[in-house]
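Here is the structure we will look at.
What follows draws every value from the coordinates through simple rules; no lab data is involved. None of these values were measured; they are calculated from a predicted model. Note that each Cβ is placed from the backbone with ideal geometry, even for glycine, and that neighbours are counted across all protein chains shown.
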Amino acid sequence: MSCTVRIASPLHSYTAGASRLEGRGGTLAEVLGDLERRFPGIRFRMIDEQDRIRPHMRLFVNSQQARDLTAPVHGGDTVHVICALSGG
């Protein structure tokens, strides 16, 4: 099934500047796997080596924050990829 994925601007270098993509999969893990196949390297910016969402990233399915990659994604949903800002 197809969903919309909204990509935070710090990751646009992986998507050739696109801020909105189509993703496929029934879970957040499957959607991110689909993106990784088309945009190599993007998943590692969001997910660590233990398959956990990185602390500076927030992933939402529609308006619900995803706590892990098992979050279900249905056709027509929107996945939001948000990066925390930091600095001094």
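Which count do you get for residues in the stretch 13-40 that are polar (S, T, N, Q) and not in a loop (DSSP other than H, G, I, E, B)? Explain how you work it out, then say what you get.
We begin by selecting, within the stretch 13-40, every residue polar (S, T, N, Q); these are 13, 15, 19, 27.
Of the ones still in play, those that are also not in a loop (DSSP other than H, G, I, E, B) are 13, 27.
Matching residues across the stretch 13-40 total 2.
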For this session: For G25, work out the one condition from (1) surrounded by fewer than 16 Cβ atoms within 10 Å (Cβ to Cβ); (2) on the phi > 0 side of the Ramachandran plot it doesn't fulfil.
Result: (1)
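For the structure I just gave you, tell me whether S2 is of a type in the set (G, A, S) and farther than 15 Å from T78 by Cβ.
Numbers: of a type in the set (G, A, S): yes; farther than 15 Å from T78 by Cβ: no.
So S2 fails the test.
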Exercise. Does the stretch 41-49 contain any residue that is free of Cβ contacts under 8 Å to residues at least 40 places away in the same chain, within 15 Å of P10 (Cβ to Cβ) and assigned to a loop (DSSP other than H, G, I, E, B)?
Worked result: yes
Seminar exercise, completed: Subset of the stretch 50-65, residues touching a helix residue (DSSP H, G or I) at 6+ places or on another chain (Cβ under 7 Å) and either over 17 Å from S13 (Cβ atoms) or in a loop (DSSP other than H, G, I, E, B) (or both), comes to I53, R54, L59, V61
